[in-house]
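Data first, discussion second: the structure below is written as structure tokens.
A short reminder: the numbers here are calculations on the coordinates, not readings from a lab. Keep in mind that this is a model prediction, so the values were computed, not measured. Here the Cβ positions follow ideal geometry from the backbone for every residue, glycine too, while neighbour counts run over all protein chains shown.
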Amino acid sequence: MEDVKTTEISKTAKNAVWIADLSKHENESVCVQAWISNKRSGKGLFFLELRDGTGFCQSVMDLNNVGEEIFENCKQLTLSSSLRVFGKVVKDDRQIGGYEVQIDNIDIIQIVDNYPISNKEHGIEFLMEKRHLWLRSKRQWAIMRIRSRVKYAIHTFFQEKGFVQTDTPIFTGSACEGTTTLFETDYYGEPAYLSQSGQLYGEATAMALGKIYTFGPTFRAEKSKTRRHLSEFWMIEPEMAFYDLDMNMDLIEEFVRYIVTDIYEHYRFELEILERDLTLFENIGKEFPRITYDDAIKILKGDKDVEGKNAIKTLENDLVEVKAQIIECNKDIDEREAAIAAGGMKKGAINFNKNKIDVLKNKIKQLEEKERNIPQWLESAKNFKHGEDLGGSDETVITRLFSTPVMVYNWPKDIKAFYMKRNEENPDYVKGVDMLAPEGFGEIVGGAERETDHDLLVERIKAHDLPMEAFEWYLDLRKFGTVPHAGFGLGFERLIMWLTNVSHIRETIPFPRYYGRLFP
RNA sequence: UCCUCCAUAGCUCAGUUGGUUAGAGCGGUUGACUGUUAAUCAAUAGGUCCCUGGUUCGAGUCCAGGUGGGGGAGCCA
């Protein structure tokens, strides 16, 4: 690239300020180092929208203020060009961030040719190819900031409660719970698998440290192609000695409420950028309903109502609603097309309407997908047989009825992991709990009180057809001072997805890894 | 692995029962405009219609196979 124009890096202004700190410098002359996120111009005027990672702000260049030479220079600036802006900070409530910089001079670091991502709509495939650049856009900026804050809140919550953060191995010698497909690697000539859960190790460290939590990467080799799956994701797994199922549920509820409240209180601006509906945040103070698996099935099959709402009827209404919306959208499109065809419309208005039509067509595509899916979900819900595990659509059907997270506990033993503690009153059930997020999101927490009895565990390991020798060390935990204990796992990206209400889990992690993607 | 939808300009898309020279908006470029918020207005450049084969006088359009992608099921967080 011979065309790259740069100035000397050594010019970096020592007194430069970050956009996030502009409010501390009202009416002062400052230097802002930034990239161009958008540009508009008028006669003798340029509006440069800047971003520096800490925030966004508009700057204005007036020909009368800076003179011909600087003004001419400014013409070359393109999207994502880097520069330093020197000027006065002025309060202006109309602008993003509430401040504007009135430019005296600029120092161009690099002029960019053909930045690929415009301020227009793009498809997910294109954006994923350009993920390293996509991260610079405003929505992604907001998501990544929330991701960071949630991570901080998680650590704060547990640390302040006296939990110890412990790490578990990523290489494991056996495909422990047996069900999911794992990534196999070569470990000095032996097969090793990338961890799908640190839970068993978490139990060991809880026996050493009392209350612990892990926060690490997890790998699943399933060839899943849905908006809720990743091959590599992060998981939080607390484990507590001397906790039973009820204490576990209390902790889950307190924990989730803490995270949601923290984001609501501190990251409102980011939620606004994402146009997140705030109902969830307003309802989070309410108690989370706790229902048994048996009741969940009754709700799913429409045999039991929730606050006067019936699952099957609600879903049938959804389908009617979707169909009505499709008709509505088509009508809207027809009207706009007719208006354009009638003539006499200004070019700007035509563009506006054409754009609207594009948006509507996209909406119809999504609605049509829903229209195809809902009947399948209905079938699945009606035909659900007691004893099966809840599928993704079943969770959607159930949580559709609630305005807060719901906890489902007391599960049939055959569909849950071998280490869950049996229910003393009814040995066909185990003391597991799933927390389902509302608004149709589905499962984000899975947990349980653990089996404490050595011989029962051995029995369960055999029943699940698992290799006994791989669990010798785990059984030691029941031989040497077994105590009641419980814990849970929370999918970090699923949590972020729910909080930000982005449609795709791929947007919640900087560089997602999923079936078919390894770059960038 | 199965079901379903899709692939046309850098991007987002239109393209009628198969018909002659494939279109629009955005973005790029050039110019106009003194406060814009995806600014606006005028002009302009930009194409292996995913690949292979078939039907046809004629294929972006129809058929078969392949490749790539979206959504869902299974599995799961």
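Below, the figures for the structure above:
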quantity	calculated
At most 12 other Cβ within 10 Å, DSSP loop - trypsin sites (Lys or Arg not before Pro), the range A:369-402	A:LYS385
With Cα atoms, 0 to 90° folded angle of helix A:138-160 axis to chain A main axis	40
Label-point gap, in nm, between A:ASP414 and A:ASN15 - each point 7 angstrom along Cα→Cβ	7.7
Total lysine pairs under 27 Å (Cα atoms) in the range A:4-110, excluding pairs fewer than 8 apart on one chain	25
Exceeding the 21 Å Cα-Cα cut-off - candidates A:LYS416/A:LYS479; A:LYS323/A:LYS361; A:LYS323/A:LYS363; A:LYS298/A:LYS462; A:LYS416/A:LYS462; A:LYS138/A:LYS365	A:LYS416/A:LYS479; A:LYS298/A:LYS462; A:LYS138/A:LYS365
Proximal aspartates and glutamates to A:LYS130, defined as alpha-carbon separation beneath 16 angstrom and excluding residues fewer than eight positions away on the same chain	A:ASP113, A:GLU121, A:GLU507
Partner lysines for A:LYS161 [C-alpha distance under 26 Å; skip if fewer than 8 residues away on the same chain]	A:LYS151, A:LYS211, A:LYS286, A:LYS421, A:LYS431
FRET efficiency, A:ASP104 to A:ARG268 (Cβ-Cβ, R0 25 Å, nearest 0.05)	0.15
13 Å cut-off, amide nitrogen to a point 7 angstrom out along A:GLU424 Cα→Cβ, residues in the range A:464-491	A:484
Acute angle (nearest 10 degrees) that the helix A:454-463 long axis makes with the longest principal axis of chain A, alpha-carbon atoms	70
Highest to lowest packing among A:111-120, A:33-42, scored as the average C-beta count within 10 Å	A:33-42, A:111-120
Three-way shape label, the range A:375-419, alpha-carbon gyration tensor, a/c 1.5	oblate
Whole-number percent relative contact order across chain A, with pairs defined as alpha carbons under 8 Å at least 6 apart	14
